[in-house]
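Asks: Okay, here's the structure, questions in a sec.
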Amino acid sequence: MDLPVDAPPIRIREVKVLANDWAVLKKTTFDHQRADGRWQTVSRETYDRGNGVTILLVNRSARTVLLTRQFRFPAYVNGVPDGMLIESCAGVLEQVDPVEAIRQEVSEETGYRVEAPRKLFELFMSPGSVTEKVTFFIADYDSSQKAERGGGLEHEGEDIETLELGFEEAWAMVDDGRIIDGKTVILLQHLKIHDSGPMGDS
């Protein structure tokens, strides 16, 4: 990977692959020049699962959003009793155009077809250890766009429920802790700020 021109001075000493199954876990030892000019040797682990995409589906006339609900094992082992999280539709960016990737994810997870997803921004979600950068989208939807069953890909172990929630209900679920997924909270907060008109006005 080429470093940007203004990258801090880095000298790589050693890279070890610790795991390479679904994603790649590496331990890298490197020299890093501190702000005062001194060099310091540090080791960091990075988890590389590729980049991601996520989208908030919005029906502004009905004031509803379309979210998903599914079991997340990491959430289960970290204290969510049933492991179920309410989330915006999302997926891994597998070397395809982000717009095409999110359209495919929406179809697989919800059964809806979206024609004009609009990019909002790109964010690192856990930059201390995870390399993933997520591209956020928003798109309008209505019942006429329902074309498939949805539910995710069974051969990948997915069993996804679709939830249609009113704006106020979704925002309340963020406030009271029923929605605790970071990307979903970001998208719902964005909607709350920009919910006054058609998507082109937001």
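The values are calculated or read from the model by the stated rules, or taken from the named source; none is laboratory data. Bear in mind that the values here come from a model prediction, so they are computed numbers and not experimental data. No Cβ is skipped: glycine too gets one built from the backbone with ideal geometry, and neighbour counts run over all protein chains shown.
Asks: I'm checking my understanding of the structure. Among residues of the stretch 76-98 that are more than 26 Å from Trp171 (Cα to Cα) and surrounded by 17 or more Cβ atoms within 10 Å (Cβ to Cβ), which one is nearest to the chain's Cα centre (by Cα)?
Replies: Per the criteria, the residue is Leu93.
Asks: Now for a separate question. Please state which one of Arg113, Arg149, Arg103, Arg118 is under 17 Å from the mean Cα position of the chain (by Cα), at pLDDT below 95 and of a type in the set (Lys, Arg).
Replies: Arg103
Asks: Could you list, ordered by first residue, the pairs with Cβ atoms under 7 Å in which the first is in the stretch 9-37 and modelled with pLDDT under 95 and the second is assigned to a strand (DSSP E or B) and surrounded by fewer than 10 Cβ atoms within 10 Å (Cβ to Cβ), at least 6 apart or interchain?
Replies: Close Cβ pairs satisfying both conditions: His32/Gln40; Arg34/Gln40.
Asks: Here is a follow-up. Restricting to the stretch 60-75, count the residues that are farther than 28 Å from Glu168 by Cβ and among the polar types (S, T, N, Q).
Replies: 0
Asks: Could you please tell me which pairs satisfy a Cβ distance under 8 Å, a separation of 6+ or placement on different chains, a first residue in the stretch 107-123 that is within 14 Å of Gly52 (Cβ to Cβ), and a second residue that is β-branched (Val, Ile, Thr) and part of a loop (DSSP other than H, G, I, E, B)?
Replies: Cβ pairs passing all conditions: Glu109/Ile160.
Asks: Got a number for residues in the stretch 160-174 being under 17 Å from Ala90 (Cβ atoms) and among the acidic types (Asp, Glu)?
Replies: Qualifying residue count for the region: 1.
Asks: Taking the stated definitions as given, is Leu85 in contact with a helix residue (DSSP H, G or I) (Cβ under 6 Å, 6 or more places away or on another chain) and of a type in the set (A, V, I, L, M)?
Replies: Judged against the criteria, Leu85 is a match.
Asks: From Gln70, Gln104, which residue is closer than 29 Å to Ile186 by Cβ, surrounded by 13 or more Cβ atoms within 10 Å (Cβ to Cβ) and without any contact (Cβ under 8 Å) to a residue 24 or more places away in the chain?
Replies: On inspection, the qualifying residue turns out to be Gln104.
Asks: When you scan the stretch 48-59, do you find a residue that is charged (D, E, K, R), surrounded by fewer than 19 Cβ atoms within 10 Å (Cβ to Cβ) and within 18 Å of Trp171 (Cβ to Cβ), even just one?
Replies: No, the stretch 48-59 contains no residue that is charged (D, E, K, R), surrounded by fewer than 19 Cβ atoms within 10 Å (Cβ to Cβ) and within 18 Å of Trp171 (Cβ to Cβ).
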